[in-house]
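Novice: One structure is given below, represented as structure tokens, and several questions about it will come after.
What follows is calculated from the coordinates using simple rules that are stated; it is not laboratory data. A quick note: this is a predicted structure, and the numbers were derived from the prediction, not measured. Cβ coordinates were reconstructed from backbone atoms using ideal geometry, including for glycine residues, and neighbour counts include every protein chain displayed.
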């Protein structure tokens, strides 16, 4: 899981998903393993990655 498309800094994830979108990716299902005890990853993803990919 350390090398998946949604691993890295928000900037790295945005770049990866934009590249995948150019190849035809229409949506992604993500999994935040630590979410049961730490929502910081979800909060970071929704505040930085999601808005950047909407643009």
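Novice: Please give, to one decimal in nm, the separation of the simple spin-label points placed at residue 32 and residue 55, each 7 Å out from Cα toward the Cβ.
Specialist: If labels sit at residue 32 and residue 55, their model points lie 2.1 nm apart.
Novice: Turning to a different aspect of this structure: Computed from the coordinates I sent, Cα Rg over 2.2 N^0.38 Å equals one of [x] 1.24; [y] 1.32; [z] 1.11. Tell me the label.
Specialist: Of the labelled values, this structure produces [z].
Novice: Counting helices only, and only those DSSP H runs with n ≥ 4, report the 222 nm mean residue ellipticity of the chain as the sum of -39,500 (n - 2.57) divided by its residues, in deg cm²/dmol to the nearest 500.
Specialist: On the way: 3 runs with 23 residues, N = 55.
After summing the helix terms and dividing by the residues of the chain, the value is -11000 deg cm²/dmol.
Novice: Nearest 10 degrees, 0 to 90: what angle lies between the long axis of helix 10-22 and the longest principal axis of the chain (Cα atoms)?
Specialist: The helix 10-22 is inclined about 40 degrees to the chain.
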